[in-house]
Amino acid sequence: MNPFTYVRPTSEQEALAALAEPGATALAGGTTLVDLMRLEVMRPAKIVDINGLPLTKIETGASSIKLGALASNTDVAYHPDVVAKLPALADALRSGASGQIRNMASVSGNLLQRTRCSYFRDNVSPCNKRAPGSGCAALEGFTRMHAVVGTSRDCIAAHPSDMCVALAALDAVVHLKSRAGERTVKLVEFHTVPDDHPNVESVIQPGELVTAIEIPTTPVAAKSRYVKVRDRASYAFALASAAVALDVQGGTIKDARVALGGVGTKPWREPAVETALVGKPATPETFADAAKLALAKADPRPDNAFKVELARRVIARALSLVAGGSK
Amino acid sequence: MLAFARDWSPPRATAIEVRALRSHLRGLGAELVIVGAHQAWRLRPDDDLFALGELAARELHRHHGTKGEDAVLVLDPAGEVVFEHRQALVDHSTLLAGLTAATEAMLSSAPMLFTRRGFVSTCVVSGFATVVLAACHQKEHHDPDPAPAVAPTPAPIELDVVLDVNGVKRPLRIEPRVSLLDALRERLNLPGTKKGCDMGQCGACTVHIDGKRVLSCLTLAAAAQGKPITTIEGLAGPGQGDLHPVQKAFIAHDGMQCGFCTPGQIMSAAAVIKENRATTDDELREEMSGNICRCGAYPNILAAIKAARGGQAG
């Protein structure tokens, strides 16, 4: 691990000032950052430990739940209001990582976690994300864990988060703060596709801090599920996962949300599937037909072509589960 | 350990020689301070050679009264010399031999006083107590210039931290990049917490911070200040005797084979029981999935956890 300086601010003002310095990186749970620093994939000159900031609260409002940036994955996953009003989010968080990592990891760190692409992590292979312009070893490499949608000629690394898939489906909003002020960004617009700049993964700017993630507690969100398929029963990243939400009234679908994980270079919302569901009867046939519209623009590699069909079946299964539970 | 070696200096030491010293230190888990005629260097197993300065060299010579003679000293945590080996350390091989002799003498002469682990930690905890071997080859090679030919590495910035481990406040001076795992094992004489993968994937390093199970390899020691830390050494609480009920259950149910993952398994299991979220066997397996056992002792681990949870550990 490269040497770095360490500060632990106790106010947002101090933290924002420290983060504005060149080479400064915020440390929350450390489960991504410390790992990648030990691999020397990340070499920040300065660590701003933000755990002294009062950002761990989970607040239930009249129409939303606001997660403090430093709320742990465990605390959110088992919070009674999250379980009751945003079940897909609770499911997604519980399906991610291990008990120890969920205790450490914050929701803002989960939002900003880096890809598990082995060529990015090995610190040796050509990788446009780690070393812009060096090439992409994955394009000719082993791609079982890579993305099939949102890819580019320069990068096919999958976004690894489960939580973000649920947040994408549930219309979450990210609250950001810098010395210049505050702003909010929709979760679905927070992460960016690689294009010709895979080193940029989100719209967050240097010196900006995620302060909270807010999720509307709509009726449709209360009828949501997260289904994840992986290579082993637990403690593995998704091959394909789906967060879905359905509002079914009198057997007819009134509202729907569908997002995919494990297949995209960012959490992948599927508006075409949602449109196809609304107004139809909530039946397995409807779900299967609508799911076929997912990943229309997929561009898989030979190793991960199976993900397209797998993701569609995961959507259909998740919809069936949530419809069964909502009747 | 301190090594006084008049004829040693970085410009003269080859990369292979430094690597050999590092490997020796890694085996011991020790630091070495090499004191030359005009300069002192600190060598840690995983760091670059770090120049301590001429003042440090002078002070070390003065403090230990070496009068320019070569020697290997081992210091205890209070900085007292517990072993002294006087021998001319004229080149790399005699330096290594001096270190080895000091190590062997320590281990063989005081078996009742020092375990290997005790010896190692004595060396480590004492901070500047590491072998000091310095002494410039310059003299030997008639080089009048005492200045090192290689620019010294920039000083790593160290922090004074206090870790609250198993109910005891432990002050430490460490670099911010030191993990909690390394601080526990290498500085605080708590080697029960194991280093498996060192990348957050195996669970062998599981400890409790604030009562919650976390991975000490992905925790910076500096960031763990101010919160109670519990390791396997401190898991058994008051009134539980030497062993926590989960430890007893692991013994009773033979929940291990080689034992390397066991401290992590036990720390995780104790937390899982306290969390009380898992009821079925499958849920227990899911909760324990962050602890990998290469021997495959999982069935017995599960049996031990269920027994401990049911209070049948006895």
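The values are calculated or read from the model by the stated rules, or taken from the named source; none is laboratory data. Please read these numbers as outputs of a predicted model, since none were measured by experiment. No Cβ is skipped: glycine too gets one built from the backbone with ideal geometry, and neighbour counts run over all protein chains shown.
Remarks
- Residues of the stretch B:157-211 satisfying the condition of being in a strand (DSSP E or B) and in contact with a helix residue (DSSP H, G or I) (Cβ under 8 Å, 6 or more places away or on another chain): B:L159, B:V161, B:L163, B:V165, B:L172, B:I174, B:S179, B:T206, B:V207, B:H208, B:I209
- Top-ranked residue in the stretch B:214-239 [being of a type outside the set (D, E, K, R) and surrounded by fewer than 21 Cβ atoms within 10 Å (Cβ to Cβ); ranked as farthest from the other protein chains (Cβ to nearest Cβ)]: B:G239
- Looking across B:D198, B:D210, B:D242, B:D254, one residue alone is more than 17 Å from the chain's Cα centre (by Cα), acidic (D, E), surrounded by fewer than 20 Cβ atoms within 10 Å (Cβ to Cβ) and within 13 Å of chain A (Cβ to nearest Cβ). It is B:D210.
- Subset tally (residues that are surrounded by fewer than 24 Cβ atoms within 10 Å (Cβ to Cβ), out of contact with any strand residue (DSSP E or B) (no Cβ under 9 Å at 6 or more places or on another chain) and at the interface with chain B (Cβ under 8 Å from one of its Cβ atoms)) for the stretch A:70-107: 1
- Taken over the stretch A:260-275, the criterion of being touching a residue at least 40 places away in the same chain (Cβ under 8 Å) and part of a helix (DSSP H, G or I) is satisfied by A:V273 alone.
- Conditions (1) under 24 Å from A:V34 (Cα atoms); (2) in contact with a Leu (Cβ under 9 Å, 6 or more places away or on another chain); (3) outside any loop (DSSP other than H, G, I, E, B); number of the one not met by A:Y119: (2)
- Selection count where residues are more than 14 Å from chain B (Cβ to nearest Cβ) and either surrounded by fewer than 17 Cβ atoms within 10 Å (Cβ to Cβ) or under 25 Å from A:R121 (Cβ atoms) (or both), scope the stretch A:35-68: 7
- The stretch A:199-236 - residue that is within 14 Å of chain B (Cβ to nearest Cβ) and part of a loop (DSSP other than H, G, I, E, B) and, of those, surrounded by the most Cβ atoms within 10 Å (Cβ to Cβ): A:Y235
- Among the residues here, A:A298 does not qualify as under 24 Å from the mean Cα position of the chain (by Cα), in a helix (DSSP H, G or I) and under 23 Å from A:M163 (Cα atoms).
- The set of residues from the stretch A:1-34 being within 25 Å of the chain's Cα centre (by Cα), more than 12 Å from chain B (Cβ to nearest Cβ) and farther than 21 Å from A:P54 by Cβ comprises just one member, A:G23.
- Every residue from the stretch A:122-151 that is in contact with a Phe, Trp or Tyr (Cβ under 8 Å, 6 or more places away or on another chain) and either in a loop (DSSP other than H, G, I, E, B) or at pLDDT below 95 (or both): A:S125, A:P126, A:K129, A:R130, A:G141, A:M145, A:G150
- Residues located in the stretch B:278-314, provided they are in a loop (DSSP other than H, G, I, E, B) and β-branched (V, I, T): B:T279, B:T280, B:I292
- Here B:P111 meets each of (1) under 25 Å from the mean Cα position of the chain (by Cα); (2) more than 15 Å from B:M1 (Cβ to Cβ); (3) at pLDDT 80 or above with one exception, condition (3).
- Screening the stretch B:261-302 for residues that are within 9 Å of chain A (Cβ to nearest Cβ) and among the polar types (S, T, N, Q) and picking the one that is farthest from the chain's Cα centre (by Cα) gives B:S289.
- Any hit, the stretch B:150-162, residues being surrounded by 23 or more Cβ atoms within 10 Å (Cβ to Cβ), of a type outside the set (F, W, Y) and either away from chain A (no Cβ under 14 Å) or closer than 23 Å to A:S72 by Cβ (or both): no
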